[in-house]
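Values quoted throughout were computed directly from the atomic coordinates according to the rules given, and no laboratory measurement underlies them. The structure presented is a predicted model; accordingly, all values stated were derived computationally and were not measured. Counting neighbours? That spans all protein chains shown, and the Cβs are built from the backbone with ideal geometry, glycine included.
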Amino acid sequence: MPTVAAPAWGVRWRIPIVLGVTVFVNFLDRNNLSLALPRIAQDFGWSDRQVGSNIDNSVIKTYLRSRSHTRTVPRSPRVMRNSSSR
């Protein structure tokens with residue numbers, strides 16, 4: 001009867017290590033953006049309201065692009081409210 005070897009340590013812990021590194025890089029990225037954003041806004045001449053609007057738009061566009069491969073792209077409540085389903 002053949003024996004089955006236990007999985008190697010490197011294989012078992014590869015996914016948690018990669019996830020941990022990814023979370024750490026995300027943390028650094030977010031902190032760097034918060035430190036650089038005032039300078040970026042000053043260079044482009046954005047007000048606080050424009051900074052928030054630009055960030056919101058980029059987050060929404062990125063989310064919609066990531067969902068573009070699916071058939072059901074979520075629509076905003078405004079579009080759903082104005083569309084006629086009669």
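Things worth noting here:
- Per-residue Karplus couplings for the range 30-47, computed as 6.51 cos²θ - 1.76 cosθ + 1.60 with θ equal to phi - 60°, are listed in order as 5, 5, 5, 5, 5, 7, 8, 4, x, 5, 4, 5, 5, 5, 8, x, 8, 7 Hz, Gly and Pro entered as x.
- With the simple spin-label model, which puts each label point 7 Å out from Cα in the Cβ direction, the Ser34 to Asn54 separation comes to 1.9 nm.
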